[in-house]
Amino acid sequence: MAQVQSLSTAAQHVDVLIVGAGLSGIGAAHHLQADCPRKTYAILEGRETIGGTWDLFRYPGIRSDSDMYTLGYNFRPWTEQKAIADGPSILKHVRDTATEGGIEKHIRFRHMVKRASWSTPDALWTVEAQRSDTGETVRFTCSFLFLCGGYYSYESGFTPDFPGMDVFKGRIAHPQQWTPDIDHAGKRVVVIGSGATAVTLVPEMAKTAAHVTMLQRSPTYVVSAPAEDKLANRMRRFLPAKMAYGLTRWKKVLLGMFFYRLTRKNPAGVKQRLIKMAADQLPKDYDVATHLTPRYNPWDQRVCLVPDGDLFKAIGNGSAEIVTDHIETFTETGLKLASGKTIDADLIVTATGLRLEVWNGLEVSVDGVRIDPAKTLTYKGMMYSGVPNFASSFGYTNASWTLKCDLTCAYVCRLLNHMDKTGLRQCTPRNTDPDIQELPWLDFTSGYVQRSIDRFPKQGSKTPWKLYQNYARDLAMLRWGKVKDGIMEFSNPRAAAAKLARIPVAEAAE
Ligand SMILES: Cc1cc2nc3c(=O)[nH]c(=O)nc-3n(C[C@H](O)[C@H](O)[C@H](O)COP(=O)(O)OP(=O)(O)OC[C@H]3O[C@@H](n4cnc5c(N)ncnc54)[C@H](O)[C@@H]3O)c2cc1C
């Protein structure tokens, strides 16, 4: 594959520019190399290393909360024993993919992408990135821009403005900014939060801390699952790795879809069942009604998974507890709660969430007009109405991220190949149906979603504008559905067509 070429001293040109070298960006590069081998590409990565989430988060016990048979790439069998894997193993999966695929040489580290402007006459994006080492602004041009920079801000996590934080004499840490000197051994720890990060941290820290309190405003669904899939591990002994992986992957996909459907069809029944499953793993007199019975239905927010019931075990042996209450104020020695109760602490971890980011924080304009993402409609959950040659990799909320990202990459490659075959340079999803209603991108009731959802693109009420969060449906649409569906507008801008045909612009066909 050709390397990045210089168009001028000011800008470098590639066919496809990928933003981000995390799980999605490395996956996108692999798919491009496999399905569009003649395309040149580069990855612009703001940090100085590969891996995104799986390199950034370093808190104790960092792990996946979905299984690696679906969080792993579809093209790279997951062969480790554990299905719920620790952060370093996931990072290795990403890094090995990059190394073995020769992807690393295409990555420009310390390039934070800030701006992208599309020019229809040239059928080109001009992309501006700022180098974090020199402060220099670097320009690239590309025919297709593929955002794979995740969904949250790397600058900092979200911490509510709790009263009295400044008077607390102990240490306060956010899981997104964890440093090796944060020591919890023998300490009294409070973890504020009830999401995936909190339920990961609590049992892990409880192994060596004096005591860990998980302080939550309201309960979340917590479900135990085996850390290892015994059948998958056994199958690998008899079947080729790819076949065993494929079978387990489909088993996980189908079980996940079945469970999600059940929560939609019979929310009350599933709710009762999940609460009973938690109660069965806790001491007999445990107050499940207060601490583990959410006010919402399953999958109205993410369901938290705990491998081999580790959280329940830590509660059972007394090394951890859940307190459901509100923080009135931080004090010098810990926290004062709305109920009047106080908790003494040496270390308080604010597992209070992420700050969501739209389009990887880029300013996007088309022919000089700034695009407000919130005024666009998402097309097939990956492109946006009125924005040409532009896709983003955004995973499922009710299943593993990579399932959707693999499909998105497959579709982008089909789209690029279709344009090459037909000699067309521009593809723009356009909604001309007045009956399409605009709906929020996500219908999660979680605080972190509600805080930012107004800034997100909308989804529509019908295909291809609707997000079904359904792998089987997306597989049919993105792998096998028609690329030329009457909604994606293909065109050949004048100047670009002329350049292609090496004839004067005036003579080029519109
Ligand atoms: C703690 C944690 C645990 C998770 N566990 C799971 C799980 O078990 N299952 C699951 O399905 N999902 C999980 N997720 C969601 C998770 O983020 C995705 O699964 C996946 O890692 C996302 O990969 P990504 O490459 O799209 O984004 P990221 O991992 O966020 O990587 C994005 C990369 O792009 C770079 N970048 C971003 N913006 C720019 C820019 N403007 N310019 C240049 N570079 C940029 C970043 O520096 C980063 O390297 C988890 C998320 C977190 C935070």
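No value in this document is a laboratory result; all are computed from the given coordinates. Computed from a predicted structure; not experimentally measured. Cβ placement follows ideal geometry from the backbone for every residue including glycine, while neighbour counts extend to all protein chains displayed.
Key figures
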| item | result |
| --- | --- |
| Angle in degrees between helix 401-422 and the longest Cα principal axis of the chain, rounded to the nearest 10 | 0 |
| Exposure proxy ranking, count of Cβ atoms within 10 Å, fewest first, for Leu254, Leu415, Leu305, Leu23 | Leu254, Leu305, Leu415, Leu23 |
| Greater than 31 Å apart at Cα, pairs in Lys114/Lys404; Lys82/Lys466; Lys251/Lys466; Lys375/Lys404; Lys82/Lys276; Lys114/Lys482 | Lys82/Lys466; Lys114/Lys482 |
| Extension gain, Ser156 back to Arg237 (0.36 nm per residue minus Cα-Cα distance, nm) | 24.8 nm |
| Full-stretch length increase - Asp86, Trp250 - with 0.36 nm per residue and alpha-carbon distance subtracted | 56.8 nm |
| Dipole moment magnitude, nearest 20 debye, region 379-438 about Cα centre, only Lys, Arg, Asp, Glu C-beta charged | 240 |
| Nearest 10 degrees, 0 to 90: helix 87-100 Cα axis against the chain principal axis | 20 |
| Cα coordinate range in the chain, projected on the principal axes (Å, largest first) | 82, 51, 48 |
| Acute angle (nearest 10 degrees) that the helix 23-35 long axis makes with the longest principal axis of the chain, alpha-carbon atoms | 30 |
| Thr331, Thr378, Thr397 arranged by Cβ crowding within 10 Å, fewest neighbours leading | Thr331, Thr397, Thr378 |
| C-alpha center-to-center spacing [region 444-462, region 122-173] in angstrom | 20 |
| Given charges at beta-carbon only (K, R positive; D, E negative), |dipole| of the chain in Debye | 1520 |
| Stokes-Einstein D in µm²/s, Kirkwood radius over Cα pairs - region 129-250 at 20 °C with 1.002 mPa s viscosity | 109 |
| Length added when fully stretched, Lys341-Thr49, from 0.36 nm per residue minus Cα-Cα | 100.7 nm |
| Loop sites in region 412-491: chymotrypsin sites (Phe, Trp or Tyr not before Pro), DSSP, at most 15 other Cβ within 10 Å | Tyr468 |
| Label-to-label distance, nm, for residues given as Asp280 and Arg370 (7 Å Cα→Cβ offset) | 5.6 |
| Cβ-defined net charge surrounding Val323, 12 Å radius [Lys, Arg +1; Asp, Glu -1] | -1 |
